[in-house]
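Asker: Would you mind keeping the following structure in view while I ask a few things?
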Amino acid sequence: MTWGNAASAAVRGDIDSRFRLTSLEVCAGAGGLAVGLEQAGFDPVLVLDNRPVACETLRANRPQWDVREIDVLDFDPVDEKQVYDVHLLSGGLPRVKSPAAAGRTRGDDAELSVLKATVDLIYGVQPQAILLENVPDLVRKPDYQLVRKVIAEELRHLGYRFQWRVVNAKDHGVPQSREVGLLVAFKGDLIDRFEWPHSYAGPRRSVGETLRASMGVRGWHDAAKWAAQADTIAPTIVGGSWDRGGADLGPTGAKRKWARIGVDGGTVADQVPDAEFVWDPALGRHGLVPLTVAQVALLQGFDPEWRIAGRKTAQYRQVGNATPPPLARTLGEAIAAALRSAR
């Protein structure tokens, strides 16, 4: 049995098969949202993404899933009747720009088109619930008011009630400050049974605690010392654009935050430090330790066994743009509770 099958079986064993729910996942990426929802009791009947490398990642970890390489704009549910009436339609959609910002940069407005196509998909699929993740600005900024209005009108027309909310992943078991914008909707009055998950009240796991073991695997003598001073959660990990640039941990402000805990945010390493590495922040970037893709994945809340396909930059893009699985699980559990209460 492959690791993916074994892990899936273990997850399924936590929830009686009689209480498993179905989902359709769009824009699945590296699978952060899908695997978190799986842990919450949802089994996808179909998983969609338009990037070959993302589909390779999904198949490597969950060979039993039906993964399709297709753009949501081109997907027609009439050819895939297994998606009809699924319990949940979910997706971590590309970061939507406000209409004004999109107009200043390019005319095709691809991300907004994906959002509209996903909302249009609701008509054909008729899911009992919907979970869409995007930028916090989509939820709370006036620049997006027209976008929210169009979505609201379509959902009401189709018989759904909904709520918008901004949630920080740090409050749900992720060692990173990461705000996400969420839309949760239910058909009919099911939303009256839904409660947003409560924030975790206990101590938060720091960057040092999360990465200490991995930092020392090649004999770096200062791994424990570095971990002890990296006693805070990570700043927001920025996946960056697929269209340009290499892998780094974010814009200038984010790099300064990383530097305060001894991390070089200007690059992503191929390997963790070896025994010869000299950690000395006074030396500038040369004295800071870079993180690997696998370490960034840990800070996103991925299981260490989750394999990411592709070369380094493609791996980093997948991880950095993912929905953290622990956050997805808590959201999925709240949605599943509302759905099951109506059975």
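Every number here is computed from the coordinates shown, using simple stated rules; none is lab data. Please read these numbers as outputs of a predicted model, since none were measured by experiment. Because the Cβ atoms are built from the backbone with ideal geometry, glycine has one as well, and the counts that use them run over all protein chains shown.
Asker: Under 8 Å for C-alpha pairs, at least 6 residues apart: give me the relative contact order for segment 207-318, rounded to a whole percent.
Answerer: Relative contact order for segment 207-318 comes out at 27 percent.
Asker: Follow-up question, since we're still on this one. Please report the relative contact order for the chain, taking Cα pairs under 8 Å with a sequence separation of at least 6, and give it as a percent rounded to a whole number.
Answerer: Relative contact order of the chain: 19 percent.
Asker: Within the chain, how many Lys pairs that are eight or more residues apart, or on different chains, come under 20 Å at the alpha-carbon?
Answerer: Within the chain, the lysine pair count is 13.
Asker: When the helices in the chain are scored as -39500 (n - 2.57) per DSSP H run of 4 or longer and the sum is shared across all residues, what 222 nm value do you end up with, to the nearest 500 deg cm²/dmol?
Answerer: -11000 deg cm²/dmol
Asker: The chain: longest stretch without exposed GluC sites (Glu not before Pro) (DSSP loop, at most 13 other Cβ within 10 Å), sites themselves excluded?
Answerer: 1-194
Asker: A further question follows. Could you work out how far the C-alpha centroid of segment 133-201 sits from that of segment 242-272, in angstrom?
Answerer: Using only Cα atoms to place each centre, the spacing works out to 29 Å.
Asker: Oh, and also: For segment 170-300, what is the Kirkwood hydrodynamic radius in Å, using each pair of distinct C-alpha atoms? Please list the in-between numbers first.
Answerer: Values: mean 1/r = 0.0612 Å⁻¹.
16.4 Å is the Kirkwood radius here.
Asker: Next question. If I take the Cα coordinates of segment 106-224 and project them onto the principal axes, what are the three extents in Å, biggest first?
Answerer: Answer, in whole Å and largest first: 61, 41, 29 Å.
Asker: Please compute the Cα-Cα pair-distance distribution of the chain with 20 Å bins starting at 0, giving whole percents from short to long.
Answerer: Values per bin, smallest distances first: 30, 57, 12, 0.
Asker: Write down the percent of antiparallel bridges among all DSSP beta bridges whose residues are both part of the chain, to the nearest 5. Walk me through the numbers on the way to the answer.
Answerer: Details: 16 of 36 bridges.
Of all bridge pairs located within the chain, approximately 45 percent are antiparallel.
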